[in-house]
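Novice: Here's a structure for you.
The values are calculated or read from the model by the stated rules, or taken from the named source; none is laboratory data. Here the structure is a predicted model, which means the values were calculated and not measured. Here the Cβ positions follow ideal geometry from the backbone for every residue, glycine too, while neighbour counts run over all protein chains shown. All accessible areas refer to the heavy atoms of the entire protein, side chains included, with ligands and DNA or RNA removed. Shrake-Rupley method; radii C 1.70, N 1.55, O 1.52, S 1.80 Å.
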Amino acid sequence: MQAIALVALLVRDYDEAIAWYRGVLGFELVEDTPQGPGRRWVRVAPRGGRGATLLLARADTPEQVAAVGRQAGGRVGFFITTDDFDRDHAGMTARGVRFLEAPRDEAYGTVAVFEDLYGNKWDLLQQKP
């Protein structure tokens, strides 16, 4: 059996990313392990989540720095599923998440696109049964 365990997300700074994902999205800090001078192994995940965790990877090269906030080329590249869309949408909005659209119903569920602190696009999604 296989599963996707980690997804790397390029960030400008470890601490600002940790603060945003914890304070604004309500994620938990799963791990923050030093890896030598200026390097850390930092993982965050939604509280109670059962899926992959995000590996916050500080951008080091000019190519990586240019990709911060555009990892999916401007389209939605990350998805948070929820069992209560209204609760999570209201909570995220109250904590300052910038939604790019009003919630909408699609064949697959209720969804709204938001941006993280770098401009990466995410879906908040409650899937239909």
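Novice: If you take the residues of region 45-85 that are of a type in the set (S, T, N, Q) and in contact (Cβ under 8 Å) with a residue 12 or more places away in the chain, which of them is farthest from Gln126 (Cα to Cα)?
Specialist: Gln64
Novice: While we're here: So, Ala102, is that one assigned to a loop (DSSP other than H, G, I, E, B) and at pLDDT 95 or above or not? Before the answer, list the steps.
Specialist: On the way: assigned to a loop (DSSP other than H, G, I, E, B): yes; at pLDDT 95 or above: yes.
Judged against the criteria, Ala102 is a match.
Novice: Let me ask something else. Say we look at region 90-106 and pick out the residues that are among the small types (Gly, Ala, Ser) and closer than 26 Å to Tyr14 by Cβ; which of these is least open to solvent (accessible area, probe 1.4 Å)?
Specialist: The extreme case among them is Gly91.
Novice: Would you point out the residue of region 1-18, among those that are closer than 28 Å to Thr93 by Cβ and either of a type outside the set (A, V, I, L, M) or part of a helix (DSSP H, G or I) (or both), that is most open to solvent (accessible area, probe 1.4 Å)?
Specialist: Residue satisfying both the conditions and the ranking: Arg12.
Novice: Yes or no: region 107-122 includes at least one residue that is open to solvent by 50 Å² or more (accessible area, probe 1.4 Å) and part of a strand (DSSP E or B).
Specialist: Yes, the conditions are met somewhere in region 107-122.
Novice: For region 19-44, which positions are closer than 23 Å to Gly73 by Cα, assigned to a helix (DSSP H, G or I) and not hydroxyl-bearing (Ser, Thr, Tyr)?
Specialist: Scanning region 19-44 gives a single hit, Trp20.
Novice: Please go through region 75-92 and pick out each residue that is of a type in the set (D, E, K, R) and either touching a helix residue (DSSP H, G or I) at 6+ places or on another chain (Cβ under 9 Å) or not in a helix (DSSP H, G or I) (or both).
Specialist: Once the filter is applied, which keeps residues that are of a type in the set (D, E, K, R) and either touching a helix residue (DSSP H, G or I) at 6+ places or on another chain (Cβ under 9 Å) or not in a helix (DSSP H, G or I) (or both), region 75-92 yields Arg75, Asp83, Asp84.
Novice: Let me confirm something: among Thr61, Thr82, which residue is open to solvent by less than 30 Å² (accessible area, probe 1.4 Å) and either more than 12 Å from the chain's Cα centre (by Cα) or within 19 Å of Phe114 (Cβ to Cβ) (or both)?
Specialist: Thr82
Novice: Right, next: Do you know which residues across region 64-77 are exposed (fewer than 15 other Cβ atoms within 10 Å of the Cβ), more than 19 Å from Glu16 (Cα to Cα) and hydrophobic (A, V, I, L, M, F, W, C)?
Specialist: Scanning region 64-77 gives a single hit, Ala72.
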